[in-house]
């Protein structure tokens, strides 16, 4: 009986592997809206490192333009490369664009205060102060939205002085596992380090990357995402994953003062639409924008929608 069970398990594993291989080939055959050479290129501008009191160094890139200001904050496991396509669109339209790597991500380091929602939210203030942002729009994605919300709640004076609008894109403000079987599976794997191996896999990495996209996952986007994800020090970032589960700010949405646009893809499995519905309903001056067929990788799937959201706030 035991031998028979082992055979069944082995056959099941073989079946899963063949299915994953077939899925990878199917995804690789999809057309790329942006070629790998474009979507793998970092935003072009002046690179600076902002020194924090605890020794953290926040890496930021700023365009050379002097137009209306836009600040971009990416999500967990990514870097500021997430904004390369939108960056070019904004620069071409004359915006002054600033993007930064979250604490512990990309080229940003982790200082004595470590990884926490409070320390990472304070980095938002440091970036806005460093660049003397005035009448700016803050666009944040996914976990970046979680941190942007806490920043706005913690530093209302900075918000009033420096920003005229905010965009939450595919964001959440806590309860990361609610309504998301994907997160309940993937977050424990991230904590154990296994998800890095999945991201690097020539077979399973495609399924992982595709899970963040909507109806049309494409090879170049998946490849860049999994490459960057695999480079991040996930074991050091565990505290922010735990904060996403243990902390929530939905009960404080009435305190957000900025005019806000909440953008969400209807096929988002990482931050299911209930997050955005709640934000749009309870932030006093907010509106929802829904995008059919789009998933969590809205930064590479619906660039025009994000651009229009920024335009609506910076040029009302």
Q | Difference of contour (0.36 nm per residue) and Cα-Cα distance, residue 177 to residue 112 | A | 20.5 nm
Q: Please work out how much length the chain gains when fully extended from residue 153 to residue 252, using 0.36 nm per residue of separation minus the C-alpha to C-alpha distance, in nm with one decimal.
A: 34.8 nm
Q) GNM on the chain, C-alpha springs below 10 Å: top fluctuator among 42, 157, 301? A) 157
Q. How high is the FRET efficiency from residue 192 to residue 266, r the C-beta distance, R0 45 Å, rounded to 0.05?
A. 0.90
Q. Counting only DSSP beta bridges with both residues in the stretch 31-314, what percent are antiparallel, rounded to the nearest 5?
A. 30 percent
Q) Spin-label point model (7 Å from Cα, Cβ direction): what's the residue 245 to residue 29 distance in nm? A) 3.8 nm
Q: Calculate, for residue 311 and residue 201, the FRET efficiency according to 1/(1 + (r/R0)^6) with r their C-beta to C-beta distance and R0 41 Å; round to the nearest 0.05.
A: 0.55
Q. If contacts are Cα pairs under 8 angstrom and at least 6 residues apart, what is the relative contact order of the stretch 31-314 in percent?
A. 21 percent
Q | Label of the coordinate-derived value, Rg/Rh (Cα atoms, Kirkwood Rh), listed as (1) 0.93; (2) 0.98; (3) 0.96 | A | (2)
Q) With axes computed from alpha carbons, what is the tilt in degrees of helix 234-246 against the longest principal axis of the chain, rounded to the nearest 10 within 0 to 90? A) 70 degrees
**Q.** Listed residues 131, 213, 100, most fluctuating in the chain (Gaussian network, C-alpha, under 10 Å)
**A.** 131
(Q) Between helix 181-192 and the chain, what is the angle of the helix's C-alpha long axis to the longest principal axis, kept within 0 to 90° and rounded to the nearest 10? (A) 90 degrees
**Q.** Paramagnetic reach from residue 304 in the stretch 50-86 [backbone N under 15 Å; point 7 Å along Cα→Cβ]
**A.** 86
Q.
Taking the beta-carbon count within 10 Å as an exposure proxy, list 206, 83, 290 from fewest neighbours to most.
A. 290, 206, 83
Q.
Can you tell me the length gained on complete extension of the stretch residue 46 to residue 132, counting 0.36 nm per residue apart and subtracting the Cα distance?
A. 29.4 nm
Q) Taking Cα atoms, how many degrees apart are the long axis of helix 303-314 and the longest axis of the chain, rounded to 10 and kept between 0 and 90? A) 20 degrees
Q: Would you calculate the separation in nanometres between label points at residue 285 and residue 184, each defined as 7 Å from the Cα along the Cα-to-beta-carbon direction?
A: 3.9 nm
Q: Any chance you could check the Cα centroid distance between the stretch 166-198 and the stretch 249-312 for me, in angstrom?
A: 17 Å
**Q.** GNM top mover of 88, 123, 66 - the chain, alpha-carbon springs below 10 Å
**A.** 66
Q. Once label points are set 7 Å from the Cα along Cα→Cβ at both residue 21 and residue 66, what is their separation, rounded to one decimal in nm?
A. 6.1 nm
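FYI, it's all coordinate maths here, none of it is from the lab. Everything numeric in this text was worked out from a predicted model, so none of it was measured. Reconstructed Cβ throughout: ideal geometry from the backbone, glycine too, with neighbour counts over all protein chains shown.
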